[in-house]
Amino acid sequence: MAVAKEKRIILKYADARGYSNDLPCYLEHGGYDMLKKAVKSKPEDICEEVLKSGVRGRGGAGFPTGMKWKFLDRKSGKPIYLICNADESEPGTFKDRQIIYKDPHQLIEGMMISAYAIQAKQAFIYIRAEFFEGARILDRAIAEAKAKNLCGDNILGSGYSCEIVVHRGAGAYICGEETGLIESLEGKRPNPRIKPPYFPAVLGVYQCPTIVNNVETLCNVKHILEMGSDAFGQLGIPNNTGTRIWCVSGQVQKPGYFEFECGALTLGEMIYDVCGGLNPGRSLKAVIPGGSSAKVLRADERFTGTHKDGTDFDWGITDIPLDFDGPIAAGSMSGSGGIIVMDDSVDIVEALANINAFYAHESCGQCTPCREGSLWMRKITTRMCSGGAREEDSDLLVSVADQIEGRTICAFGEAAAWPTQSFVAKFKDEFIAKANQPAPDDDAEGPARLQLI
Amino acid sequence: MELSTDTLTKIDEVVARYPEKQSATLMVIHLIQDEKGCISDGAVEWIAERLEVEPVNIYEVVTFYPMIRREPWGKTHVRVCRTLPCALRGSYKTCRTLEEKLGVKEGHVSEDGDFSIEFMECLADCGKGPVVIVDEKTYEDVQGEAAEKFAELLKNHTLDKDRNFTSYEDGLAKPRKKTVASSKKGTGKK
Ligand SMILES: Cc1cc2nc3c(=O)[nH]c(=O)nc-3n(C[C@H](O)[C@H](O)[C@H](O)COP(=O)(O)O)c2cc1C
Ligand code: SF4
Ligand code: FES
């Protein structure tokens, strides 16, 4: 069977010849037609369309967007806020960047339609500070849109008003977590809030009902309106509707970002057909399918089980369907869509040590298991790489991870624990072998010079 | 603390955008850091007064975020991505090459103050690692021999002029002036 072709809906124009990120270009390509349609419809009808489309969030958790919008507390009478999560901080993910830099008006249109649908009083774009030019591009695009009455006061004469404010982060991964993001937006340390009671849809920014959605999710809203929820729901497969932008990084010949209908291809087709396979002479060792927080998959594993509909599956790594549910069935997740490929040249212990250094650096420090555990996991894996570890260290590592999972305020705890749990469970021999290496002679440059790959 | 009128105007503009003043904290910090290179104790006091919060509210922020500085970086600041996807494509080596050529260790500023290097976590451009941000521009695929060349150009302040290295930002299609069509290079591949 031939491999499916890319289906670019969100990225339709981003890389098209002659397409630029200004308003005249966007308008020439039918831009803001859906906003015009939206402000003539009833807000609740748009919410209903989004719900019926089955679209799931593209930020990591895959929660149905229409359902999230339904959870908004409308009884309190407090103002409602919309936040676009443009923090794009999950390692291995680089899709939102393409939209922000190359097609910012699509995001703004998606946001204004969404803001109108939920009747938001104000909207924010929380963008990571490393996107220096990205923030300027968005600022410029918002100014262009405002000048044409496409956002701001009395949008297109509808009587509905909503400003969009671009808010820059400052280099902290935890600001991608929605409640950490909200704290950051309020001008505080981004310490995530505990749920319950702080579900953003009820108690979000300024203790007001707030919707936080990913960049790609908000762009989808525009296309749901354009196609209608039925046609959108026909894209992909049931419960996994629409397209997804997958970001492939690591050791393939042609890494990059690709938009496919959900479930249109398998992980194997992505690696070998779309990305040109591995480097010459190399074989596949492992894949992390959904950003560095997702559990690793070993190349020679079998994944078996029963789907919700009662059918059985028995997959090798290359058979895993690329949608929301496939990677979950295989014991991992599609998360943010970041697929990290590792070939047989990779030292798996160094790879985990690299990941652990990330989580140790990024823990906000509020919860003891996460703050201390992430530091210990880094310390142990670093010791394994620099020599002088003990054979029982791999068990120690897992016990630290096990004591983080489920015992923290936010899902960062799981994100930090899953790599360690899965790497050690699946590559235990390599961890033991590495731990048994003799300690090297004193290296003048010390452990800071350690190369974690 | 003295600030330029330009920065002061921008601060007024930014503060006015938020329903609550304290929300402007990070944006005001960015504006001041852009002018001064870092956030001094004086700046902390100034921001607290401007946003009508206690200095401790500003300190808690300043001491948390990796990109907020208490001391300035070098005149040219080089950020190298450290995280796994870039590491798999050689970012540790790239960082080492830059350290050697620019004569400064990661996390530090060179003695003459010209350069500083920072090993950062994922910069969200992982398909084309190793990723290096010079000041505010993002360079991709900086590895092996290219990294040596890159470091050399950087050292000589000629990176901007070299055609072998186009930043992600400079590679974008130029915005139109109303109707003039512009052509665009690349389709996501180089
Ligand atoms: C540690 C952590 C980091 C996260 N980083 C991001 C991120 O960078 N971008 C994003 O959209 N969502 C991120 N999320 C998910 C958000 O909390 C939130 O679920 C998402 O923005 C909701 O949008 P969606 O429903 O459209 O997916 C992160 C979650 C966690 C726990
Ligand atoms: S789990 Fe970690 S990152 Fe999340 S709140 Fe607790 S300490 Fe902070
Ligand atoms: S890992 Fe380097 S940009 Fe993501």
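The values are calculated or read from the model by the stated rules, or taken from the named source; none is laboratory data. Quick caveat: nothing in here was measured; it's all calculated off a predicted structure. Here the Cβ positions follow ideal geometry from the backbone for every residue, glycine too, while neighbour counts run over all protein chains shown. The protein model used for the area step is the full one, side chains on, heavy atoms only, and it has no ligands, DNA or RNA in it. Shrake-Rupley method; radii C 1.70, N 1.55, O 1.52, S 1.80 Å.
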State all residues of region B:96-129 that are in contact with a Pro (Cβ under 8 Å, 6 or more places away or on another chain), away from ligand 1 (no atom under 16 Å from the Cβ) and part of a helix (DSSP H, G or I); if no residue qualifies, say none. B:127, B:128
For region B:60-81, indicate whether the set of residues that are farther than 26 Å from residue B:152 by Cα and more than 21 Å from the chain's Cα centre (by Cα) is non-empty. yes
Pick from region B:130-155 the residues that are under 17 Å from the mean Cα position of the chain (by Cα) and in a loop (DSSP other than H, G, I, E, B): which of them is nearest to ligand 3 (Cβ to nearest atom)? B:131
State all residues of region B:33-76 that are open to solvent by 30 Å² or more (accessible area, probe 1.4 Å), in a helix (DSSP H, G or I) and hydrophobic (A, V, I, L, M, F, W, C); if no residue qualifies, say none. B:46, B:56
Looking only at residues that are facing another protein chain (nearest Cβ under 10 Å) and more than 15 Å from residue A:280 (Cα to Cα) in region A:340-350, which one is surrounded by the fewest Cβ atoms within 10 Å (Cβ to Cβ)? A:350
Among the numbered criteria (1) over 17 Å from residue B:131 (Cα atoms); (2) in the same structural domain as residue B:155 (by TED's automatic domain parsing), which single criterion is violated by residue B:71? (2)
Are there strands (runs of 3 or more DSSP E) fully within region A:272-360 with at least 2 residues that are outside the structural domain of residue A:377 (by TED's automatic domain parsing) and under 23 Å from residue A:59 (Cβ atoms)? List them. A:284-288, A:338-343
Within the group A:260, A:232, which residue is touching a His at 6+ places or on another chain (Cβ under 8 Å) and either more than 14 Å from chain B (Cβ to nearest Cβ) or not in a strand (DSSP E or B) (or both)? A:232
Would region A:428-447 turn up any residue that is within 14 Å of chain B (Cβ to nearest Cβ), within 16 Å of ligand 2 (Cβ to nearest atom) and closer than 28 Å to residue A:172 by Cβ? no
Is region B:82-93 home to any residue that is in a strand (DSSP E or B), more than 16 Å from ligand 1 (Cβ to nearest atom) and either buried (at least 19 other Cβ atoms within 10 Å of the Cβ) or in the same structural domain as residue B:11 (by TED's automatic domain parsing) (or both)? no
Report whether or not residue A:79 is in the same structural domain as residue A:230 (by TED's automatic domain parsing) and either under 14 Å from residue A:224 (Cβ atoms) or without any contact (Cβ under 8 Å) to a residue 40 or more places away in the chain (or both). no
Return the pair list, or none, for Cβ contacts closer than 6 Å from residues in region B:118-134 that are more than 7 Å from chain A (Cβ to nearest Cβ) and within 23 Å of residue A:271 (Cβ to Cβ) to residues that are of a type in the set (A, V, I, L, M, F, W, C) and more than 8 Å from ligand 3 (Cβ to nearest atom), at least 6 apart or on different chains. B:130/B:142
Only one of these is among the β-branched types (Val, Ile, Thr) and either over 25 Å from residue A:176 (Cβ atoms) or away from every other protein chain (no Cβ under 11 Å) (or both): B:25, B:7. Name it. B:7
Flag if residue A:271 is within 16 Å of ligand 2 (Cβ to nearest atom), crowded, with 22+ Cβ neighbours inside 10 Å and of a type outside the set (Gly, Ala, Ser): no
So how many residues does region B:94-104 have that are crowded, with 16+ Cβ neighbours inside 10 Å and away from ligand 3 (no atom under 14 Å from the Cβ)? 7
So which helices (runs of 4 or more DSSP H) stay within region A:32-139 end to end and still have 1 or more residues that are within 14 Å of chain B (Cβ to nearest Cβ) and open to solvent by less than 10 Å² (accessible area, probe 1.4 Å)? A:96-102, A:104-118
Within region A:327-379, the count of residues that are touching a residue at least 12 places away in the same chain (Cβ under 8 Å), within 16 Å of ligand 2 (Cβ to nearest atom) and among the β-branched types (Val, Ile, Thr) comes to 1
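In region A:152-180, what residues are within 12 Å of ligand 1 (Cβ to nearest atom) and open to solvent by 20 Å² or more (accessible area, probe 1.4 Å)?
Residues of region A:152-180 that are within 12 Å of ligand 1 (Cβ to nearest atom), as a first pass: A:169, A:172-180.
A:173, A:176, A:177, A:178, listed by residue number.
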Here the residues within region A:374-428 that are open to solvent by 20 Å² or more (accessible area, probe 1.4 Å), charged (D, E, K, R) and either in contact with a His (Cβ under 9 Å, 6 or more places away or on another chain) or in a helix (DSSP H, G or I) (or both) are A:378, A:379, A:383, A:395, A:402, A:414, A:426, A:428
